[in-house]
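Participant: Here it is, the structure in full.
Taken together, the values in this text are just the output of simple stated rules run on the coordinates, not laboratory data. The structure presented is a predicted model; accordingly, all values stated were derived computationally and were not measured. Please note: Cβ atoms are built from the backbone with ideal geometry, for glycine as well, and neighbour counts cover all protein chains shown.
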DNA sequence: TTGTAGGCGTTATCAG
DNA sequence: CTGATAACGCCTACAA
């Protein structure tokens, strides 16, 4: 079934059908309705391949799916992907997946995807300092949005991000409000934008409260085991903390285990509000992932339709209170 | 850049370039090499839209992405998706994502996707008794594979599945081998194919060992809390079990918590070998998800290329021993 | 408003 | 083995 079938069925020219589809305002009211009826009656759908060949646009956006490194934090990308698929859907776009081992492979994939499928845009996650991917895409003038700030040059391209510092700040304030003073922070080594941001929220909030907590900061790789190890170390010092803010739920889960094993009561707050946190009653900072995905699509459609929108979106996370703090 | 650019560059006709791409064997050796060189030199990529218009094939397969219900088990689909994307990639196919609230919506989406993008095939996950989706697709003669058996009519369409019963059987045998006799099973209510299958493995293995364990079976919804509740109940009976096999890692995690809280030593084995299980040292049954994804793609390409392959694949899971059993 | 002509890049058909 | 030609379904002029 083609546009001609619809035209015949509605007693109009093919051109009119095309107009109803692409420029409804220039078609007379009743004609338009008649055509619309024919379209639904026949279940007609414009063939994207033909449309793309003519317009050069595919209504396809690509997102990379990463190997599950850490099962707990992996669900974050999962939820983002779900949100993205849904919002893209609503905006008339489809999401295409790809994988890549490293940045070079990923760039090669861009080339591939662009050449073969004429992708309209890319959504990148997990930006880092000096990201070569954004440079390549920008150089080719391929539309893209990142979920995560470009840590080097904030103005260089459209992005959506969550205010990580505000998240840990909220967590720290909550602990201060409930009487805690010795509040530790278990995070990642300096160098990752996200990790540094989460650290900053704790540090500045503690400083604002006039508390020197430099000795309560621990840096480690992510994971339950690492969290447990660090928390155990903190709890066995001369002046142990009474609470801890963690850069991830994995770390927090480990910390929680250390707290329980050593029998020392201490409040624990995680980050990402993963379903595991919900299951074990862990208080955690929740990222608005669905909203982030929606804003990404919004930014993208804005760029694709040539409408100027504010290209930088910083969303606020929310603290979800449960049993551990 | 089009096929004509390559043809000019290699001093041949457009048709010859097309032949090199689609039927290399009918082109003379040196000509083929010259064309190949031109292709790589120019970085040429066949335009899928044009190709699709001509051949009616898009080299696109669709997979549904589900909302994360349970964060722990959610990672299973995640890993499957990753494997699928990778293998599809290698076979020259791309993965397209879609969401749907229920079966009817999903079927409507099939219609959409098929009409607009001419999808080559679908991969369905989470099959259930009397699945309307497979019926619709079969009725339209759309190629598809399911990851999960069609529980009603095993022969009705190509599928790949993991032998769940064998997984719990392995777990149960391991516990028997290490001296356990009172081995409990915490699973889901009867009615789901996967759940019943996992229950069967435990039941038959116990029966084969001559042990009556009917009183040690508990059915509940999935989740850590449910697992903890059920295990706690089991442990406080007159004759508590010394070990438990769970239908999921979530349940097992809960059971583990109950074991630790009550101070009763008991072995625990989970199912799915999620990264969380790895993190906490939980012994678990591992599904070969990458292999499953690969077989799905294999089956699909077989169908699409008209090659007859065995359309039913049952993969064996493996028990991953850690600290809890 | 409607109809007609042309072309997007590819592949299939058919003659050389 | 190579070269010309038509066709896939759609959209954008342009003329009516």
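Participant: Would you mind calculating the relative contact order of segment A:190-284 from Cα pairs under 8 angstrom and at least 6 residues apart, reporting the percent as a whole number?
Facilitator: 23
Participant: Relative contact order for chain B using alpha-carbon pairs under 8 Å, separation at least 6, rounded to a whole percent?
Facilitator: 17
Participant: Test of understanding: in a Gaussian network model of chain B with alpha carbons linked when under 10 Å, which of B:187, B:210, B:227 would top the mean-square fluctuation ranking?
Facilitator: B:210
Participant: May I pose another question? How long is chain A along each principal axis, judged by its Cα atoms, biggest number first, in Å?
Facilitator: Taking max minus min along each principal axis of the Cα atoms, chain A gives 86, 37, 32 Å.
Participant: Also: Would you please state the base-10 log of I(q)/I(0) at q = 0.09, 0.18 1/Å for segment A:1-145, with intensities from the Debye formula using one equal scatterer on every alpha carbon?
Facilitator: Taken in order of the listed q values, log10 I(q)/I(0) reads -0.42, -1.02.
Participant: Calculate how steeply helix B:249-262 sits against the longest principal axis of the alpha-carbon atoms of chain B, using the helix alpha-carbon long axis, and give the answer as 0 to 90 degrees to the nearest 10.
Facilitator: Tilt of helix B:249-262: around 30 degrees.
Participant: Per the helix-only calculation at 222 nm, which mean residue ellipticity applies to the protein assembly as shown, given -39500 (n - 2.57) for every DSSP H run of n ≥ 4 and division by its residues, nearest 500 deg cm²/dmol?
Facilitator: Result for the protein assembly as shown, helices only: -15500 deg cm²/dmol.
Participant: Averaged over every viewing direction, what's the projected area of the C-alpha convex hull for segment B:164-286? Give it in nm², one decimal, please.
Facilitator: 6.5
Participant: Ok, one more. Could you tell me what percent of the DSSP beta bridges with both partners in segment B:164-286 are antiparallel, to the nearest 5?
Facilitator: 0
Participant: Sticking with this one: log₁₀ I(q)/I(0) of segment B:3-46 at q = 0.28 Å⁻¹, via Debye over equal Cα point scatterers, no solvent, to two decimals?
Facilitator: Each listed q corresponds, in turn, to -0.97.
Participant: Given N residues in segment B:91-207, what is Rg(Cα) / (2.2 N^0.38 Å)?
Facilitator: 1.36
Participant: Of the beta bridges DSSP finds with both residues in the protein assembly as shown, what % are antiparallel, to the nearest 5?
Facilitator: 15
Participant: Please compute, for peptide B:91-99, the average count of beta-carbon atoms on other protein chains lying within 10 Å of each residue's beta-carbon.
Facilitator: 6
Participant: Let me ask something else. Could you pull the copy-to-copy label distances for residue A:316, with points set 7 Å along Cα to Cβ, in nm to one decimal and sorted shortest first?
Facilitator: 5.7
Participant: Could you tell me how far the Cα centroid of segment A:204-227 sits from the Cα centroid of segment A:296-315, in Å?
Facilitator: Segment A:296-315 and segment A:204-227 have Cα centres spaced 35 Å from each other.
Participant: What nm distances, shortest first, do you get from the label point of residue A:5 to those in the other copies when the point sits 7 angstrom along Cα to Cβ?
Facilitator: Distances to the matching label points in the other copies: 3.5 nm.
Participant: If you don't mind, there's one more thing I want to ask. Mind checking B:115-124 for the average number of partner chain beta-carbons within 10 Å of each residue's beta-carbon?
Facilitator: Mean shielding count: 3.
Participant: Here's something else I'd like to know. Kindly express, to the nearest 10 degrees and within the range 0 to 90, the angle between helix A:103-117's C-alpha long axis and the longest C-alpha principal axis of chain A.
Facilitator: Around 20 degrees separate the two axes.
Participant: Compare the peptides B:266-278, A:290-302, A:10-22, A:310-322 by average per-residue count of other Cβ atoms within 10 angstrom and give them in order, highest first.
Facilitator: So the peptides B:266-278, A:290-302, A:10-22, A:310-322, ranked by packing, come out B:266-278, A:290-302, A:10-22, A:310-322.
Participant: Quick one: helix A:289-304 against the long Cα principal axis of chain A, what's the angle to the nearest 10°, folded into 0 to 90?
Facilitator: Taking the Cα atoms of chain A, the angle to A:289-304 is about 40 degrees.
Participant: Sticking with this structure for a sec: What are the label-to-label distances in nm, one decimal and shortest first, from residue A:179 to the same spot in the other copies, with labels 7 Å along Cα to Cβ?
Facilitator: 4.7
Participant: What list of whole percents do you get for P(r) of the protein assembly as shown, with Cα-Cα distances grouped in 20 Å bins up to the one holding the largest distance?
Facilitator: In order of increasing distance, the bins hold 17, 44, 31, 8, 0 percent.
Participant: Thinking of segment B:114-175 as a set of Cα atoms, what percent of all their pairs are more than 18 Å apart?
Facilitator: So the portion of pairs separated by more than 18 Å is 44 percent.
Participant: Once all Cα-Cα distances of segment A:217-315 are split into 5 Å bins that start at 0, what whole-number percent is in each one?
Facilitator: Histogramming segment A:217-315 at 5 Å steps yields 3, 13, 20, 16, 12, 8, 8, 8, 6, 4, 2, 1, 0 percent.
Participant: Return the chain A residue and its Cβ-to-axis distance, rounded to the nearest Å, for the rotation relating A to B.
Facilitator: Residue of A nearest the axis onto B, distance in Å: A:49, 2.
Participant: Which percentage, to the nearest 5, of the DSSP beta bridges contained in chain A is antiparallel?
Facilitator: Here the antiparallel bridges make up roughly 10 percent for chain A.
Participant: Give me the Å³ per residue figure for the convex hull around the C-alpha atoms of segment B:271-325.
Facilitator: Convex hull volume per residue, Cα atoms: 63 Å³.
Participant: Suppose a student asked you for the relative contact order of segment B:55-198, using Cα pairs under 8 Å spaced at least 6 residues apart; what percent would you report?
Facilitator: 20
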